[in-house]
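Trainee: Before I ask anything, let me first share the structure, which is written out below as structure tokens.
The values are calculated or read from the model by the stated rules, or taken from the named source; none is laboratory data. The structure presented is a predicted model; accordingly, all values stated were derived computationally and were not measured. Every residue, glycine among them, receives a Cβ derived from its backbone with ideal geometry; neighbour counts consider all protein chains shown. Accessible surface is based on the protein model in full, side chains and every heavy atom, while ligands, DNA and RNA are left aside. Shrake-Rupley method; radii C 1.70, N 1.55, O 1.52, S 1.80 Å.
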Amino acid sequence: MARPAIVLTALKVSFVVGTLLNAINQGEALWAGHTIIWWRVALNYVVPYCVSSYSAARNEARRVKSD
């Protein structure tokens, strides 16, 4: 999970998915100027990063094991 290629890809996925999730989950608060719940903002980026990096690392491990 610490390989640079996996980290970079996971960061890209996290940025896109996290931004979309924030727009969906807190869009009303963002547009209306209400208080934003920052721990939810962070989770909207952390969760896709973890899922993406875990999935990539698992696929890489399976690929190496089968070679």
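Trainee: Which pairs turn up if I take residues in the range 53-67 that are without any contact (Cβ under 8 Å) to a residue 24 or more places away in the chain and look for partners that are among the aliphatic types (A, V, I, L, M) and open to solvent by less than 90 Å² (accessible area, probe 1.4 Å) with beta carbon separation below 9 Å, at least 6 apart in sequence or on another chain?
Mentor: Pairs found: 55/10.
Trainee: For the range 48-67, enumerate the residues that are more than 11 Å from residue 10 (Cβ to Cβ) and either open to solvent by less than 80 Å² (accessible area, probe 1.4 Å) or part of a loop (DSSP other than H, G, I, E, B) (or both).
Mentor: 60, 61, 67
Trainee: Could you count how many residues in the range 1-18 are more than 20 Å from residue 62 (Cα to Cα) and open to solvent by less than 60 Å² (accessible area, probe 1.4 Å)?
Mentor: So the answer is 4.
Trainee: I would also like to ask the following. Those residues that are in a loop (DSSP other than H, G, I, E, B) and of a type outside the set (Val, Ile, Thr), I need them from the range 19-39; list them, please.
Mentor: Result: 33, 34.
Trainee: Which numbered condition trips up residue 8, out of (1) modelled with pLDDT of 95 or more; (2) in contact with a helix residue (DSSP H, G or I) (Cβ under 8 Å, 6 or more places away or on another chain)?
Mentor: The number of the failed condition is (2).
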